[in-house]
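The values are calculated or read from the model by the stated rules, or taken from the named source; none is laboratory data. The model shown is predicted, which means the values in this text are computed figures rather than measured ones. When we count neighbours, we look across all protein chains shown, and the Cβ atoms used for this are built from the backbone with ideal geometry, even at glycine.
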Amino acid sequence: MSTITDPIIDSWYKDLENNLIFKVLTIEDKGDTIDVQYLDGDLGSYDKESWYSSTIDFIEAPEDWSAPFDDMEEDDLGYSDTDMHRQGFDDLSSGDWLDD
């Protein structure tokens, strides 16, 4: 079986033959290279010929996908918990939560 899935930047894939999970970082047309980062943080690359001759399939982002991206800012994760912390606080006066 060979890969029929085209590489897409920022999408997650699994190399079924080698049991490797990775995210596509860049696709270089001139160099014919697909740069990836594996779930464990290691960097790698595929040339287009090896991509399409491998057993690579598209997957959903892993639950803890941000672990290998140690330089990632919290805002880059695509969600924010500020709404959970602020909900209802705008309607409270300081006397509602401070003891005398």
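Evaluate the following for Asp75: is it at pLDDT 55 or above and exposed (fewer than 10 other Cβ atoms within 10 Å of the Cβ)? First the steps, then the outcome.
Numbers: at pLDDT 55 or above: yes; exposed (fewer than 10 other Cβ atoms within 10 Å of the Cβ): yes.
Yes, satisfied.
For the stretch 2-45, enumerate the residues that are under 22 Å from Glu63 (Cβ atoms), in contact with a Ser or Thr (Cβ under 8 Å, 6 or more places away or on another chain), of a type in the set (A, V, I, L, M) and part of a strand (DSSP E or B).
Val24, Val36, listed by residue number.
Does any residue of the stretch 92-100 turn out to be exposed (fewer than 13 other Cβ atoms within 10 Å of the Cβ), at pLDDT 55 or above and part of a helix (DSSP H, G or I)?
Yes, that holds for at least one residue.
When you check Lys14 against the structure, is it closer than 22 Å to Asp64 by Cα and buried (at least 16 other Cβ atoms within 10 Å of the Cβ), yes or no? Steps first, please.
Working: closer than 22 Å to Asp64 by Cα: yes; buried (at least 16 other Cβ atoms within 10 Å of the Cβ): yes.
It is true that Lys14 is closer than 22 Å to Asp64 by Cα and buried (at least 16 other Cβ atoms within 10 Å of the Cβ).
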